[in-house]
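K.L.:
Attaching a single structure in structure tokens format; questions to follow.
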Amino acid sequence: ISIVIPAYNEEKRIGRTLEEYINFFDNIKGMGLYYEIVVVINNTSDNTEKIVNDFQRKSENVRCLSFKRGGKGFALTEGFKDALKRDNNLIGFVDADMATRPEEFYKLVQEASKFDGSIASRYEKDSVVTPVFTFRRIVVAGVFNFILRALFRLNYRDTQCGAKVFKRAVIEKIIPDLTITQWAYDIDILYLSNRKGFNIA
């Protein structure tokens, strides 16, 4: 699996994220899962790149790409393109802030093997969200989700959670059509996957 992490000014968080993901996935290598972490630096102005480069020197499983252009969607697309250059069966992404712990991300990996991909949801009964969602946010999210279902037939409770895993074939098929480069990028991915007949859990 290739795990893409977009990183914009993440110097305070990226070190802990990389350390925990590396430790977790190193420990399960014996189960036949090989991994790489592709950190995509996008227009950062702090020490994020230096921190990632330090990890890259210590671990053969870490790669660092750096671009002057910004935007989460742009960073993810470039990470996907890079991941497709190697023999990855699965390609996914996770936010740099450790909102999704590696053991939870691994559950997505396991689910993706049964479907064409899998996405995390903060609205599952076992989810722990910190800080707890306010009533206003829950209402806004509900309206947003209703609109998505009505317009795009996306039958997901949470399209925006920053942890998703897809089989290689999904990324290969949708990447030529990915156009949204900001915060609607997740919707673009799911809409294109759905339109092309893929089953995302």
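The values are calculated or read from the model by the stated rules, or taken from the named source; none is laboratory data. This one's a predicted model, so the numbers in the text were calculated from it and none came from an experiment. Note that each Cβ is placed from the backbone with ideal geometry, even for glycine, and that neighbours are counted across all protein chains shown. In case anyone asks, the SASA skips ligands and DNA or RNA and just uses the protein heavy atoms, side chains included. Shrake-Rupley method; radii C 1.70, N 1.55, O 1.52, S 1.80 Å.
K.L.:
Which condition breaks for A141 when tested against (1) in a loop (DSSP other than H, G, I, E, B); (2) at pLDDT below 95?
P.N.:
Every listed condition holds for A141 apart from (1).
K.L.:
Those residues that are open to solvent by 20 Å² or more (accessible area, probe 1.4 Å) and hydroxyl-bearing (S, T, Y), I need them from the stretch 28-56; list them, please.
P.N.:
Y34, T44, S45
Per-residue answers, yes or no, for (1) buried (at least 20 other Cβ atoms within 10 Å of the Cβ); (2) modelled with pLDDT under 95; (3) among the acidic types (D, E):
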{"position": "I91", "(1), (2), (3)": "yes, no, no"}
{"position": "I171", "(1), (2), (3)": "yes, no, no"}
{"position": "P176", "(1), (2), (3)": "no, yes, no"}
{"position": "D186", "(1), (2), (3)": "yes, yes, yes"}
{"position": "I189", "(1), (2), (3)": "yes, yes, no"}
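K.L.:
Does T100 fit the bill of being within 11 Å of V40 (Cα to Cα) and β-branched (V, I, T)? Steps first, please.
P.N.:
Details: within 11 Å of V40 (Cα to Cα): no; β-branched (V, I, T): yes.
It is false that T100 is within 11 Å of V40 (Cα to Cα) and β-branched (V, I, T).
K.L.:
Only one of these conditions is not met by Y123: (1) under 30 Å from L84 (Cβ atoms); (2) modelled with pLDDT under 90. Which number is it?
P.N.:
The failed condition is (1).
K.L.:
I'm trying to understand the selection: among the residues of the stretch 1-16, which are touching a residue at least 12 places away in the same chain (Cβ under 8 Å) and among the charged types (D, E, K, R)? Spell out how you get there, then give the answer.
P.N.:
Our first condition is that a residue be touching a residue at least 12 places away in the same chain (Cβ under 8 Å); within the stretch 1-16, this holds for 1-11, 13-16.
Across the stretch 1-16, the qualifying residues are E10, E11, R13, R16.
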